[in-house]
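One structure is given below, encoded as structure tokens.
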Amino acid sequence: GMSYMMDFEDPNKISDKDQVFDYEGFKIVSDPKSLLYLYGLMLDYSDAMIGGGFQFTNPNATATCGCGKSFGV
């Protein structure tokens, strides 16, 4: 299946084809192909001791694995 990846990007490496979104002081960058899988995605953060971290909720996912890290559409 597919999975989500977040990383810091050098502003000089952002191409004209990339989509850039400004959200509350953050810039989110995605290439056009990946953007197709991100429509409707909700990103949240939990500071829980167990299972904390970024939580991705994709209403378009038709299948998810037991670990919650990968999905299919």
> Could you count how many residues in the range 4-26 are surrounded by 11 or more Cβ atoms within 10 Å (Cβ to Cβ) and within 18 Å of Gln55 (Cα to Cα)?
Replying inline: 1
>> Considering only residues that are surrounded by 13 or more Cβ atoms within 10 Å (Cβ to Cβ) and part of a strand (DSSP E or B), which ones fall in the range 29-45?
In response: Val29, Ser30, Leu43
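Restricting to the range 1-53, name every residue that is of a type in the set (Gly, Ala, Ser) and under 19 Å from Cys65 (Cα atoms).
Scanning the range 1-53 gives Gly1, Ser3, Gly51, Gly52, Gly53.
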> Tell me, which residue of the range 23-65 that is of a type in the set (Asp, Glu) and in contact (Cβ under 8 Å) with a residue 12 or more places away in the chain is farthest from Lys13 (Cα to Cα)?
Replying inline: Asp44
> Given the residues Ala48, Ala61, which is the only one that is surrounded by 11 or more Cβ atoms within 10 Å (Cβ to Cβ), small (Gly, Ala, Ser) and not in a strand (DSSP E or B)?
Replying inline: Ala61
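Computed from the coordinates by the stated procedures, all read-outs in this text should not be read as laboratory data. Everything numeric in this text was worked out from a predicted model, so none of it was measured. Reconstructed Cβ throughout: ideal geometry from the backbone, glycine too, with neighbour counts over all protein chains shown.
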